[in-house]
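First the structure, in the form of structure tokens, and then the observations on it.
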Amino acid sequence: GAVVSQHPSWVICKSGTSVKIECRSLDFQATTMFWYRQFPKQSLMLMATSNEGSKATYEQGVEKDKFLINHASLTLSTLTVTSAHPEDSSFYICSARDLLTTKYNEQFFGPGTRLTVL
Amino acid sequence: GENVEQHPSTLSVQEGDSAVIKCTYSDSASNYFPWYKQELGKRPQLIIDIRSNVGEKKDQRIAVTLNKTAKHFSLHITETQPEDSAVYFCAASTNAGKSTFGDGTTLTVKP
């Protein structure tokens, strides 16, 4: 149980285009999902907290108009990187909390999406 | 906000030796402390966690200790094996579920 998927696993796009990344909880309901970004050899940096049915909460320094987050259902959150630039190239990972079996605050991570902007 | 510091950034041990990684946190509201192992290009994998009402937890070769007063917690790996080589992250989390990660420790276990 507690499986989180992400799609796509990798994407290459041209500078100026937009890219959408999906995060799904496959076998549980997640009221809260988190989006992280991880640059090579660095830690996971929280970008935003995505709550089902409400606006996402962005961390300081993260542009909400550039990183659009939608959490329309208890099993799906999407991150759209708008007008992507090479500096947005990174590993994007989502995580989700299981409402019913919250082992304290345990999060379940998706496999990540490698974004490369040319 | 929460600030998590992790040391050392790199750690090299001989197979069979023990490895210890230490973290400190700043927010007294943090009450959940997971440790993750991450291999290159993969998702973080939870290896052990501890809650703020517990001082120590052990799972086979892995143990975690928590000193709530001093706001620090440590990961102990005994009888290390080459397959333990990876990057390890500590994290501190509040009831809101938001986690702050340490900068990571690259552990190398030499055969």
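What follows is calculated from the coordinates using simple rules that are stated; it is not laboratory data. This one's a predicted model, so the numbers in the text were calculated from it and none came from an experiment. No Cβ is skipped: glycine too gets one built from the backbone with ideal geometry, and neighbour counts run over all protein chains shown.
For segment B:9-111, what is the percent of antiparallel DSSP beta bridges, rounded to the nearest 5?
Among the beta bridges of segment B:9-111, antiparallel pairing accounts for roughly 85 percent.
No partner Cβ under 4.7 angstrom, meaning no disulfide-compatible partner by this rule: which Cys of the protein assembly as shown qualify?
A:13
Averaged over its residues, how many other protein chain Cβ atoms are within 10 Å of peptide A:108-114's Cβ atoms? Intermediate values should be presented prior to the final figure.
Numbers: counts 2, 7, 1, 3, 5, 0, 1.
Partner-chain Cβ atoms within 10 Å, mean over residues of A:108-114: 3.
Would you please state which residues of segment A:18-39 a label at residue A:85 would reach in this model, taking the label point 7 Å out along Cα→Cβ and a backbone N cut-off of under 17 Å?
From segment A:18-39, the list is A:18-19.
With each pseudo-label sitting 7 Å past Cα toward Cβ, what's the residue B:57-residue A:73 distance in nm, one decimal?
Those two pseudo-labels are separated by 3.2 nm.
Can you give the average number of partner chain beta-carbon atoms within 10 Å of each beta-carbon in peptide A:31-43, as a whole number?
The shielding value for this peptide is 3.
Can you list the aspartates and glutamates whose alpha carbon is less than 17 Å from that of residue A:14, not counting same-chain residues fewer than 8 positions off?
Here the aspartates and glutamates satisfying the reach criterion relative to residue A:14 are A:87, A:88.
How many nm is it between the label spots at residue A:59 and residue A:41, if each spot is 7 Å from the Cα in line with the beta carbon?
Placing both labels 7 Å beyond Cα along the Cβ direction yields 2.0 nm.
How would you rank B:50, A:93, going from fewest to most other Cβ atoms within 10 Å of each one's own Cβ?
The most exposed by this proxy come first: B:50, A:93.
List A:25, A:83 from most exposed to least, where exposure is judged by having the fewest other Cβ atoms within 10 Å.
So the residues, fewest neighbours to most, are A:83, A:25.
Once the Cβ-Cβ distance between residue A:5 and residue B:46 is put in as r, and R0 is 22 Å, what FRET efficiency do you end up with, to the nearest 0.05?
Once the sixth-power term is evaluated, E becomes 0.80.
How crowded by other chains is B:44-52, given as the mean number of beta carbons from other chains within 10 Å of each beta carbon?
3
In what sequence, highest mean first, do B:37-46, B:94-103 appear when ranked by Cβ atoms within 10 angstrom?
Working: B:37-46: 16.0, B:94-103: 19.1.
Most protected by this proxy first, the peptides run B:94-103, B:37-46.
In the structure displayed, which of A:55/B:58; B:37/B:68; B:22/B:110; A:64/B:58 lie more than 31 Å apart, Cα to Cα?
Among A:55/B:58; B:37/B:68; B:22/B:110; A:64/B:58, the Cα-Cα distance tops 31 Å for A:55/B:58; A:64/B:58.
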